[in-house]
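Quick notes on the structure that follows.
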Amino acid sequence: MDNLVCIVTGANSLTGIGRAAVYAFAKKNARAIYATDIFDENLASLAQDVHQTTGVECIPKRMDASSDDDIQDVIADAMAKFGRLDVYFANAGIAGSHPMKTETKDEFLNMMRVNSWSVYAAIKYASEAMEKTSAEKPTSSGSIIATASVAGVRSGAGPMSYSASKAAVINLCQSAAWRLRGKNIRVNAICPGLIVTEMTDKVLAAIKGNEFMENAIKTTSALQRFGDPSEIAAMAAFLAGPEASYITGQDIKVDGGMTASLPYAPLFADN
């Protein structure tokens, strides 16, 4: 990722995918990384540690990933300082817990705003910046990556509004990849399975100590374990760089095999 200028959203959580991605991008020697989040209490220390451990410039910025103004401000800062934008990892999102019978219209629309509009706006504004050329960047290019979910691929992996918002993310990436054809701007979605992050703490806490529930959830994955944020970050770093130069419009599942099968049925399992 030499010379690439990157923006990562949702990077504040100490156990999140965004933070892991910042480190993954830095280890691949990105030129500069904007670490952003609507909450910013951990961003400055993240930026300092990234610079001290890798030498890569990391710039902490408070940003609402679903705000057009905030997105444009950070992109403008990158263009003013570095004259280019190469990678936008639209990772920020929220997880809902409202059942269908009690969820309100406002709650549903807020889920779509944070999880789906943030990706639409990222594609809209980041692609415009990625098209700009200069002596340093003679051709249009870039990689836009969004965090979707296996919940957006099939039912049973999250509440309805959350699943709908992540299905929208997948389709946005597929549609944008074609809309941006000929511009060398790739757009892909990553679909994590159950990853151990701050966002999944409530789920994991609810099943902790319940051997039946723990086994039931683990056996939905072929690897029979939960995922680590670094495993999603590694995919994001791959998609961001030149090794993934022929990959666009894809929803790449990093789920331990969760979506590879119908629900686990011991009756039909090989012994």
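Using a 1.4 Å probe and counting only protein heavy atoms, arrange Thr102, Thr54, Thr147 so the residue with the most accessible area comes first. The partial results should precede the final answer.
Details: Thr102 85, Thr54 45, Thr147 10 Å².
Final ranking, largest accessible area leading: Thr102, Thr54, Thr147.
Express as a percent, rounded to the nearest 5, the fraction of DSSP beta bridges in segment 77-196 (both residues included) that run antiparallel.
Details: 0 of 10 bridges.
So the antiparallel bridges in segment 77-196 amount to around 0 percent.
Treating only the Cβ atoms of Lys and Arg (+1) and Asp and Glu (-1) as charged, compute the dipole magnitude of the chain about its Cα centre; round to the nearest 20 debye.
The dipole of the chain has a size of about 640 debye.
Can you count the Lys pairs in segment 50-152 whose Cα atoms are under 17 Å apart, with each pair 8 or more apart or on different chains? Write out the running numbers ahead of the final one.
Working: Lys61/Lys81; Lys81/Lys132; Lys81/Lys137; Lys124/Lys132.
The result is 4.
Using every pair of alpha-carbon atoms in segment 124-179, split the distances into 5 Å bins beginning at 0 and state the percent of pairs per bin, rounded to integers.
Computed distribution, short to long bins: 4, 18, 21, 16, 12, 11, 7, 5, 3, 1.
Where does the Debye-calculated log10 I(q)/I(0) of segment 38-164 sit at q = 0.18 Å⁻¹, using only Cα point scatterers of equal weight, no solvent?
-1.05
Please list Glu57, Glu103, Glu243 from largest to smallest accessible area, probe radius 1.4 Å, with all protein chains kept in place.
Largest to smallest exposure gives the sequence Glu243, Glu57, Glu103.
With a 1.4 Å probe and every protein chain kept in, tell me what percent of the accessible surface of segment 34-170 is carbon plus sulfur.
53
Express in Å², to the nearest 10, the accessible area of Asp228 obtained by rolling a 1.4 Å probe over the protein heavy atoms while all chains stay in place.
My reading of the accessible area for Asp228 is about 70 Å².
Any idea of Lys28's accessible area? Nearest 10 Å², probe 1.4 Å.
Around 70 Å² of this residue is reachable by solvent.
Nearest 20 debye, what's the magnitude of the dipole of segment 102-167 about its Cα centre given +1 on Lys and Arg Cβ and -1 on Asp and Glu Cβ?
Values: 7 positive and 6 negative charges, 25 e Å.
About 120 debye.
Please report the relative contact order for segment 14-82, taking Cα pairs under 8 Å with a sequence separation of at least 6, and give it as a percent rounded to a whole number. Kindly include the intermediate steps, with their values, before the conclusion.
Working: 78 pairs, mean separation 19.3, N = 69.
Computed value for segment 14-82: 28 percent relative contact order.
Can you give the calculated 222 nm mean residue ellipticity of the chain, where each DSSP H run of n ≥ 4 adds -39,500 (n - 2.57) and the sum is split over every residue, rounded to the nearest 500 deg cm²/dmol?
Values: 9 runs with 107 residues, N = 271.
It lands at -12000 deg cm²/dmol.
If you average the sequence gap of Cα pairs under 8 Å that are 6 or more apart and divide by the length of segment 91-160, what percent do you get for the contact order? Can you show the working numbers first?
Values: 41 pairs, mean separation 27.5, N = 70.
Answer for segment 91-160 is 39 percent.
Among the trypsin sites (Lys or Arg not before Pro) in segment 106-149, which ones are in a DSSP loop with at most 14 other Cβ atoms within 10 Å of the Cβ? Mind listing them?
Sparse-neighbourhood loop trypsin sites (Lys or Arg not before Pro): Lys132.
Can you work out the accessible area per residue across the chain, with the rest of the protein chains kept in place, probe 1.4 Å, in square angstrom?
50
Express in Å², to the nearest 10, the accessible area of Arg225 obtained by rolling a 1.4 Å probe over the protein heavy atoms while all chains stay in place.
About 110 Å², rounded to the nearest 10.
Hey, rough spin-label estimate for Asp64 and Ser45, points 7 angstrom out along Cα→Cβ, what's it come to in nanometres?
Simple spin-label model gives 2.7 nm for this pair.
Out of all DSSP beta bridges with both ends in the chain, state the antiparallel percent to the nearest 5.
5
Do any chymotrypsin sites (Phe, Trp or Tyr not before Pro) in segment 24-122 lie in a loop, going by DSSP, with at most 13 other beta-carbon atoms within 10 Å of their beta carbon, and if so which?
Passing both the DSSP loop test and the Cβ count: Phe39.
If I take R0 = 45 Å and measure r between the Cβ atoms of Glu128 and Lys105 in this structure, what FRET efficiency does the formula 1/(1 + (r/R0)^6) give, to the nearest 0.05? Walk me through the numbers before you get to the answer.
Numbers: r = 32 Å, r/R0 = 0.71.
Taking R0 as 45 Å, the efficiency between Glu128 and Lys105 is 0.90.
Which whole-number percent gives the relative contact order of the chain, counting Cα pairs below 8 Å spaced six or more residues apart?
It rounds to 18 percent for the chain.
Using only Cα atoms, locate the centre of segment 159-195 and the centre of segment 116-143, then give the distance between them in Å, rounded to an integer.
Spelled out, the Cα-based centre of one part sits 16 Å from the other.
With a 1.4 Å probe and all protein chains kept in place, how do Leu4, Leu223 rank by accessible area, largest first?
Putting Leu4, Leu223 in descending order of accessible area: Leu223, Leu4.
For Ile252, what residues show an amide H to amide H distance below 5 Å, using hydrogens built from the backbone and excluding near sequence neighbours?
The answer is Ala189, Ile190, Cys191.
The values are calculated or read from the model by the stated rules, or taken from the named source; none is laboratory data. The shown structure was predicted, so the numbers you read here are calculated from the model rather than taken from an experiment. Cβ atoms come from the backbone with ideal geometry, glycine included; neighbour counts cover every protein chain shown. All accessible areas refer to the heavy atoms of the entire protein, side chains included, with ligands and DNA or RNA removed. Shrake-Rupley method; radii C 1.70, N 1.55, O 1.52, S 1.80 Å.
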